[in-house]
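**Q** Questions regarding the structure given below will be posed in turn.
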Amino acid sequence: MKNRFYKIISWVSVIIPILFFILLIKELIFEELSLFEIALTPFVLGGILLIDFFVSFYILKQKIKSNITILLFQLIIIIFCTYQTYYYNSAMSKKVDHVISP
C-alpha cells in the first residue's frame with residue numbers, strides 16, 4: 001500500500017510540470033501573456049517543477065527508492081506549485097484596459 005502511494009505521488013509530480021509548461025506555452029501562443037509580462041515566478045516554478053519531475057521520473061523507473069522525506073518534499077512541491085500556478089494564471093492572464101483621462 002505504501003509503495004503504491006509513493007507511485008501515485010510520483011505520477012502526479014510527473015504530470016504537473018507537463019501541465020504547467022503546456023499552460024505557459026498556450027498563454028504565449030494565444031497572446032494571453034507576452035514575454036514582457038513574465039515575471040520571475042514562472043522561471044522559479046519551472047525550475048522547481050523540473051527538479052521534481054526528474055526525481056519522480058527516477059523513482060518511477062526505480063533507479064532510486066522513495067522514502068518519507070522525498071514523499072513529503074513532493075507533496076509540498078505539488079501543493080505549493082499548484083497554488084502558485086492558480087495564483088499566477090488568475091492574476092497574470094487578465095487583460096487590463098488602460099483608460100487615458102485628460
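**Q** Sorting check: for 70-83, 9-22, which peptide has the highest mean count of neighbouring beta carbons within 10 Å, and how do the rest follow? Kindly include the intermediate steps, with their values, before the conclusion.
**A** Working: 70-83: 15.1, 9-22: 17.3.
So the peptides 70-83, 9-22, ranked by packing, come out 9-22, 70-83.
**Q** Separate question: I need the phi-derived Karplus couplings for the range 55-71: 6.51 cos²θ - 1.76 cosθ + 1.60, θ = phi - 60°, integer Hz, Gly and Pro marked x.
**A** 4, 5, 5, 5, 5, 5, 7, 6, 8, 10, 9, 8, 10, 5, 5, 5, 4
**Q** Between I29 and K65, what is the label-point separation in nm under the 7 Å Cα-to-beta-carbon projection?
**A** Between K65 and I29, the simple spin-label model gives 4.3 nm.
**Q** Oh, and also: Place a point 7 Å from the Cα of F54 along the Cα-to-Cβ direction; which residues of the range 1-30 have their backbone N under 17 Å from it?
**A** Label zone hits: 13-15, 17-18.
Every number in this text was worked out from the coordinates using simple rules, so none of it is lab data. Note that the structure is a prediction, hence the values are computed from the model and not measured. Don't worry about glycine lacking a Cβ; one is built from the backbone with ideal geometry, like all the others, and counts go over all protein chains shown.
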